[in-house]
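Rule-based calculations on the coordinates, nothing more; no lab input. Remember, it's a predicted structure, so these values are computed and weren't measured experimentally. In this analysis, Cβ positions are derived from the backbone assuming ideal geometry, glycine residues included, and neighbour counts consider all displayed protein chains.
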Amino acid sequence: MIASKLFLGLDSSTQGLKATIIDEQLEVVYEHAINFDHDLPQFKTKGGAHQHEDGLTVTAPALMWVAAMDLLFGLMRDEGALLANVAAISGSGQQHGSVWLNTEASSVLANLDVSQTLEAQLKSVFSVADSPIWMDFSTTAQCQALEVALGGAQAVAELTGSRAFERFTGNQIAKIHQQNPEAYAETDRIALVSSFLPSILIGGYAPIDVSDGSGMNLLDIQSGDWAPAALEATAPNLVEKLGPVVPSHAIVGTLAGYFSERYGFVADCAVVAFSGDNPNSLAGLRLENTGDIAISLGTSDTVFGSLAEPHPSAEEGHIFVSPVQPEAFMAMIVFKNGSLTREMIRDTHAGGSWKTYDAMLQQTAPGNGGRIGFYINEPEITPTIVTPGISRFGADDQPAAFSPEEDIRALYEGQCLSMRLHAGNIGIEPRRILATGGASVDKGLIQIMSNVFGVAVYTAEKSDTASLGAAYRGLHGFLCKEAHGFVPFADAVSAAPPFTKIAEPDRDAHAVYIAMLPRYASLEQCVVSKNGV
Ligand code: XUL
């Protein structure tokens, strides 16, 4: 019997490193994860990060990601994972984090010695040892400077897909250039987490892929290449330090001898460009058609999906180049008030019980008699609402008091109306919704979501979509290489298990929500102008 080819997805999230292996039928045949805090305690991280005293700066030690690779591959080898059958590897990295490599790095990478660990060999290749990551909020001054240089927040959004955000890599680069010019001068290459890991795998600098590159405020999302004006406004000599940008399905090299000798991979194993975790989740949920969107219900709620015509906005959301279709785009919006806010209202009114909560939800009708509420438990980013608090309005748009049952419905309806409003503003028009994340088992919330958007809601078999998406993209890149040209992603993943429908919209309820949306939008404006910046 000819052994099936396998495809490995490596997911470097904030908390840990995970491997997912699929076969040619897209079945998951192996998974293993390590946790940075627990399995690499010498790096002293909390949640995979170091929070600094200023309350704004957040970093992670770059060497920890290096040590994690040997640890995970060693465990996989010892467990008998069929590494010799892996035909291609791709991966996923937490977005926006940067890895700073000095002038020694390329020769160390090119000469990896199998008799020593990666950690021992790479310990002195970093010009900045502590990598800024996505949780960092310390670059407001650099964000303002970028927006001034490029003609305002909307101009930055139109060029790079997002207004200037503190965590976006370009603004982090500007800060390091200004505050640590010696380290900047010693830097030969600035990688993203998603281009650093494959650099180790191929023993040389791997390029940044166009989709994760869109999370930097440096890339022109229309041309798919660096935006000269943004680079110039950020720091000197950036083109050389960043290297080229490639499509996400590109093969970036073959696996270095270190990995075949030490772990038993085949020598010609292909390495496909890694990308960010959110782009990989889009791939893992196979959202390749305009109109297929995912709503991830977690600590934060995130709405994302593919689209052909992006509408970048300074007000909300991000546009990235698609990780599965080089000509298309991915839109993403993050809402800070997700599960913790839902739990806060559950604890206030339903004694901490979801069962009681759902029973109370059923006692009111869709539209809640015209009542609309805004439940801000922590500062919100979509839209910007700085001061936490609850604002309740009656059908006459005047401040009102709600019963517990009305509160419960107003929270769910408000969250879904907000998603619909803001997703629509950046061009997301759903045809169907895939719900993921912890709260996707909440039938009451899912039904309201279906009714507000007017489309069916489905759920996926596996919730860990970034790691799975990386494995799918490994297969996709491999098929493109074999075909000497682009293979539609949908063809590459056509054998994947179907999604399960969990809600159908109720047309009457949908009509109620459509009528409510303009009122919701104008009341939101009132709340923003009272409690925003
Ligand atoms: C996206 C973002 C986070 C990280 C988490 O813009 O900052 O979702 O990608 O890993």
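Based on Cβ point charges of +1 for Lys and Arg and -1 for Asp and Glu, what charge dipole magnitude is obtained for the stretch 440-508 about its Cα centre, in debye rounded to the nearest 20? It would help to have the intermediate numbers written out before the result.
Numbers: 6 positive and 8 negative charges, 33 e Å.
In total the dipole reaches around 160 debye.
Calculate, in nm to one decimal, what Val114 and Asp39 gain on full extension: separation in residues at 0.36 nm each, minus their alpha carbon distance. Mind dumping the intermediate values first?
Working: separation 75, 0.36 × 75 = 27.00 nm, distance 2.24 nm.
Stretched fully, the Val114-Asp39 segment lengthens by 24.8 nm.
Nearest 20 debye, what's the magnitude of the dipole of the chain about its Cα centre given +1 on Lys and Arg Cβ and -1 on Asp and Glu Cβ? The partial results should precede the final answer.
On the way: 31 positive and 60 negative charges, 124 e Å.
With Lys and Arg at +1 and Asp and Glu at -1, about 600 debye.
Can you say what percent of the DSSP beta bridges in the stretch 6-280, counting only those with both residues inside, are antiparallel? Round to 5. Could you put the intermediate results ahead of the total?
On the way: 32 of 45 bridges.
DSSP beta bridges in the stretch 6-280 are roughly 70 percent antiparallel.
Dipole orientation for the chain: of the candidates Gln51, Gln15, Gly367, Gly367 has the Cα lying most toward the positive pole (charges on Cβ; Lys, Arg +1; Asp, Glu -1). Lysine pair count for the chain (Cα-Cα distance under 21 Å; residues 8 or more apart in sequence or on different chains): 14.
How much length would be gained if the chain were fully extended between Leu517 and Gln154, taking 0.36 nm per residue of separation minus their Cα-Cα distance, in nm to one decimal? Please list the in-between numbers first.
On the way: separation 363, 0.36 × 363 = 130.68 nm, distance 2.44 nm.
Stretched out fully, the Leu517 to Gln154 stretch lengthens by 128.2 nm.
Computed from the C-alpha gyration tensor, the three semi-axes of the ellipsoid equivalent to the chain are 40, 27, 21 Å, from longest to shortest. Only helical runs count toward this figure. For the chain, summing -39,500 (n - 2.57) over DSSP H runs of n ≥ 4 and dividing by all residues gives -11500 deg cm²/dmol at 222 nm. Using a simple spin-label model with pseudo-atoms 7 Å out from Cα toward Cβ, Glu378 and Ala314 lie 2.8 nm apart. For the stretch 17-64, trypsin sites (Lys or Arg not before Pro) meeting the loop criterion (DSSP other than H, G, I, E, B) and having at most 12 other Cβ atoms within 10 Å: Lys44.
So, with +1 on the Cβ of K and R and -1 on the Cβ of D and E, and no other charges, what is the size of the charge dipole of the stretch 272-338 about its Cα centre, to the nearest 20 debye? Mind dumping the intermediate values first?
Details: 2 positive and 8 negative charges, 36 e Å.
Around 180 debye, computed over the stretch 272-338.
Near Gly454, once Lys and Arg are set to +1 and Asp and Glu to -1 for all other residues with Cβ below 12 Å from its Cβ, the sum equals 0.
Counting DSSP beta bridges with both partners in the chain, what percentage is antiparallel, nearest 5? Write down the numbers at each step before the final one.
Working: 58 of 79 bridges.
The answer is about 75 percent antiparallel.
Helices of the chain meeting both criteria, an alpha-carbon length of 18 angstrom or more along the long axis and an average Kyte-Doolittle score not below -0.5, with helices taken as full DSSP H segments, are 62-78, 465-483, 507-531.
The length gained by stretching the chain between Gln363 and Ser107 to full extension, at 0.36 nm per residue less their Cα-Cα distance, is 85.4 nm. Here each label is just a point 7 Å from Cα along the line to Cβ, and for Lys501 and Gln25 those points are 2.7 nm apart.
Farthest toward the dipole's positive end in the chain, which of Leu238, Ala283, Val128, given Cβ charges of +1 (Lys, Arg) and -1 (Asp, Glu) about the Cα centre? Result: Ala283, furthest along the dipole toward the positive end. Projecting label points 7 angstrom from Cα along Cα→Cβ for Asn237 and Glu182 puts them 1.6 nm apart.
Relative contact order, percent, of the stretch 194-236 when contacts are C-alpha pairs under 8 Å separated by at least 6 residues?
Working: 28 pairs, mean separation 10.0, N = 43.
Relative contact order of the stretch 194-236: 23 percent.
Treating r as the C-beta distance of Ser529 and Ser124 and R0 as 60 Å, the FRET efficiency rounds to 0.70.
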